[in-house]
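Bear in mind that the values in this text are calculations on the coordinates, not laboratory data. In this text, all values refer to a predicted model and were calculated from it rather than measured experimentally. With ideal geometry, Cβ positions are generated from the backbone for all residues, glycine too; neighbour counts draw on all protein chains shown.
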Amino acid sequence: MNTDTFGLSQPDGLPDERWLQELANKFFTSPPVPMGAVEGIPASVAGSGISPSAVHQGNSVDLEDPMTSLPDPHFAGAGHVPASVAGSGRSPSADQMAGSVGSEAFSGVQRPTEQWPFSTDAAFYFISEKNAFVRSQPALPTHAALPAAPYDVNLVRKDFPILQQYVNGRPLVWLDNAATTQKPQPVIDRISHYYEQENSNIHRAAHELAARSTDAFEGARDKVRHFLNASSSNEIVFVRGATEAINLVAKSWGEQFLQSGDEIIVSHLEHHANIVPWQQLAGAKGLKLKVIPVDDEGQVLLDAYSRLLGPRTKLVSFTQVSNALGTITPASKIVEMAHAVGAKALVDGAQAVSHMPVDVRALDADWYVFSGHKVFGPTGIGVLYGKEDLLNETAPWQGGGNMIKDVTFEHTTYQQAPARFEAGTGNIADAIGLGAAIDYVTRIGMDLISQYEHYLLQYATRLLTDIPGLRLIGTAPDKAGVLSFVLDGYRTEEVGAALNQSGIAVRSGHHCAQPILRRFGVESSVRPSLALYNTCGDIDALIAVLHRLRTTRPRL
Ligand code: PMP
């Protein structure tokens, strides 16, 4: 029996159908919506997030049968998810909003608590006399037999106001999470509260609002420390995002410590943000940039990596999760191998933080970077984690206010980390908003989020694989959140436009990762990407459009 990154394992000999059914049971936390009880809302959207087709067909979805994917007439009516749908009715934000924002002045809005009002043995909208195929499938255990609800995607969805809208006449299906994630109400409210009650510059003023905003800002830093399991909040530097964090390391540590002939290793999977700053530095200082290759599934080749390492290797900078393919890299191993030759290791966590628990001490990364907007926080704020000694021995890259201890016209002495890297007035409000986002995911539990998303990923992969003419780019066994593909007979932007017509947001293009797409022989791909609020219904909607495209313009 193999256990994967998510702690989920398919027992040897257990058929795929049965395994997916067990996973469905694990996450199937709310009764599906009975036919007619909530008009027009399909169970896949308004129920547990587990698609009716997954649950009631043992996941053997027949895409030729319109009743087994998401029928448009039902989907067209599904705008918002009623408060009464899911179990307790208490959203993850309710507790957070009622007091965890660190200010007595703030009183959050309590969500209504309503009970599930429907009997669970009623007919479902997708089961009818006409639909004998569905009825003939083996029944799953009743809800009464299911374990207590560990994760209720509809309560989560209620916290994201943007998801309640229609786009092009259809409920918005947000599958562009690798580009940016949507913001839950507590994050939005926290930022408003900051501007309504606390706004002040931090650290230097002797008045009440400065104290409040300083407390909130430093409180957010401490939340990030816990989130990453860093040893000290001195190791948490607020920056604009992952891109700025990598540039900071290149332009400060790289500038100070690297010399002509030194070597930097990156992987073939990297985002341009983890290529270009090193290329610029290599050009300026005569360094050599080496690339860890990947196999045809998109996994980094550790043997080849070990052959690239040597006494000249000074830095290995790589992603924990590929934004274009979704591959999860063996990050601890890569760091360990870098350290074995005396090199430092930078881990780009931009695509990891919203999908899995991160522990920088377990990783032993020298630096770890991420962007707030990819983890349900605001744009314009991100984090550079660095080991404290390393940060303190590195000269600052920008000079100005806040980062100094003392200034004369002859000489300046600098603060210790993190202030030495935070010149000028920072993005105070959004750092505090990021703190609220971290509270939000922590309240749900990163372990649970990663397990739920893993289920979604398996479900989506299975359905995409079954579409003739569709080629998945990136099929590593260890993946998170991303499904990149090309469809025969269509340009990727045509697929993106067709999906948009149905209210489905995905990215099509090169995803700022041209080298890895070219490795797979394409210049662009369509990239649906998942987050904690996505449902199997979202995936059914995606699949339905792709299926329609395939049948309207068959393989050329
Ligand atoms: N690294 C990876 C893996 C990413 O996916 C991204 C964003 N797509 C970045 C770095 C850069 O993040 P940002 O644009 O927020 O700085």
For the ranges 433-446, 411-424, 366-379, 334-347, what's the packing order if you count other beta-carbon atoms within 10 Å of each residue, average per peptide, and put the highest first?
366-379, 433-446, 334-347, 411-424
With +1 at each Lys and Arg Cβ and -1 at each Asp and Glu Cβ, the charge dipole magnitude of region 169-234 around its Cα centre, to the nearest 20 debye, comes out at 220 debye
In whole angstrom, note down how far apart the Cα centers of region 311-355 and region 199-261 are.
21 Å
Could you state the number of Å between the C-alpha centres of region 146-192 and region 421-474?
12 Å
The relative contact order of region 373-511, taking Cα pairs under 8 Å that sit 6 or more residues apart, comes to a percentage of 17 percent
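Once a ≥ b ≥ c are taken as the square roots of the eigenvalues of the Cα gyration tensor of region 177-315, is the result rounded (a/c under 1.5), prolate (a/b larger than b/c) or oblate (a/b not larger than b/c)?
It comes out prolate by the Cα gyration axes.
Just order 504-512, 481-489, 225-233 by mean Cβ neighbour count inside 10 Å, highest at the front, would you?
Final packing ranking: 481-489, 504-512, 225-233.
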Residue-count net charge about A365 - beta-carbon cut-off 12 Å; Lys, Arg +1, Asp, Glu -1
-3
Cut-off 13 Å between beta-carbons: net charge of the residues surrounding S529, Lys and Arg +1, Asp and Glu -1
+1
For region 263-371, just say rounded, prolate or oblate: build the C-alpha gyration tensor, square-root its eigenvalues into a ≥ b ≥ c, call rounded for a/c under 1.5, and beyond that prolate if a/b exceeds b/c, oblate if not.
rounded
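Quick one: putting +1 on the C-beta of Lys and Arg, -1 on the C-beta of Asp and Glu, what dipole do you get for region 219-345 around its Cα centre, in Debye to the nearest 20?
So the dipole magnitude of region 219-345 works out to roughly 420 debye.
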Tensor-based shape of region 340-486 (alpha-carbon gyration tensor, a/c under 1.5 rounded, otherwise prolate or oblate):
prolate
Neighbour net charge for K285 - beta-carbon separation under 14 angstrom, K R +1, D E -1:
+1
Sort 248-259, 312-323 by packing, meaning the average of other beta carbons within 10 Å per residue, with the highest value first.
312-323, 248-259
